[in-house]
Amino acid sequence: MGSRVGMEVPIIGSDQLKWIEVSIPSSSSSSLPSLPPIAATYTETDEDSSYSSRNTFAPFTEDCASCHIIGDPSTYLIWRIHKSLPNTIEVMELTACNEVPRIGLRLIFPDALSPFAFICKDETSNSIRNPYLLYTLTVSGVAYLFKLRSVSEYVSCSIFPQNEFIEFYLQTLSQSAPITAVTATSGCLVVGRHDASVACFQLGVLNTSAQGFMHELRDDVGIGRLWGLMGRGRTVAPVQDIVIAELHGRKVIFVVHVDGSLRIWDLLSHTKLLSHTISSATSTGNLHFPIMSATLFVD
């Protein structure tokens, strides 16, 4: 598949949009130990950025946006992060049967945000007042899960209710390498790391201290050591990107590493389904996947 490009265009009537600004309560994240930036993973080119000299644990803030379609009739939830407002995420709520909204929601965080957000429907029985879930991640490695109300129910210059969001400090995990990629699906936040590992967090499903809250996906250590003896220390490179997709009723995680290797994992069983070596890449960046080089681990 070729590369895709696009541009941001205004929604008709959005020039009259008024933003409801809601602040996220400050936490103790600033007191957590910081790791030095990973030069091989991140490159900061904006010299005017107030965050350019700050140590980070997750990808730097970049301009990004996306739309999530929820329910029937459909509700379109559009989120946007601006590099010029690194600690703010904007959310708009659109429906086909109503006019273009006159208000939008701005959530203001105590720290800069990584270029990621995921919004889905809250499937729990007590979600009438808070119909949506929002996952976000800060550059310092704090993961958030918000129980969102409809945008019109918030009041500007207010504080987001403490009992309607969960935060988890990914830096507190022992031997946790810096985050290089992040994605999410309902009930699970997935991060890829600089040490090539992938971690799945059942944020909002289990208590953060409960057994099974986190599962780590990485190649078998014993096999890796054996391959290291045979291949002169060859190891899997840092994670470049992660995508979650549903295939035949099961959710799977596609993980691409910076050396071109591909791993596919089952999200539920945490088992590896596919290990694939990409043999070549075209000048346009399209990757060639020769079928015979893949090793499948499922029936």
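Per 0.36 nm of contour for each residue apart, how much would the distance between residue 103 and residue 155 grow if the chain were fully extended, relative to their Cα-Cα spacing?
Residue separation times 0.36 nm, minus the Cα-Cα distance, leaves 17.6 nm.
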Exercise for review: Could you pull out the pairs from 18/251; 83/147; 18/147 whose alpha carbons sit more than 30 Å apart here?
Suggested key: 18/251
**Study point:** Estimated inter-spin distance, residue 235 and residue 129, nm [label 7 Å along Cα→Cβ]
**Key:** 4.9 nm
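Residue separation times 0.36 nm, minus the C-alpha to C-alpha distance between residue 26 and residue 246: what's the value?
Working: separation 220, 0.36 × 220 = 79.20 nm, distance 3.61 nm.
Net length gain for the segment: 75.6 nm.
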Review point. Say a paramagnetic label sat at a point 7 Å from the Cα of residue 68, along Cα to Cβ; which residues of the stretch 156-182 have their backbone N under 18 Å from it?
Key: 161, 164-168, 182
Check your understanding: Could you give the distance between the Cα centres of the stretch 114-156 and the stretch 173-217, to the whole Å?
Key -> 18 Å
Check your understanding: Considering only the other residues whose Cβ falls under 15 Å of the Cβ of residue 204, what net charge follows from Lys and Arg at +1 and Asp and Glu at -1?
Key -> -2
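Calculate, in nm to one decimal, what residue 164 and residue 95 gain on full extension: separation in residues at 0.36 nm each, minus their alpha carbon distance.
22.4 nm
Bear in mind that the values in this text are calculations on the coordinates, not laboratory data. Predicted model only: the values in this text are computed from it and were never measured. Every residue, glycine as well, gets a Cβ built from its backbone with ideal geometry; the counts of neighbours run over all protein chains shown.
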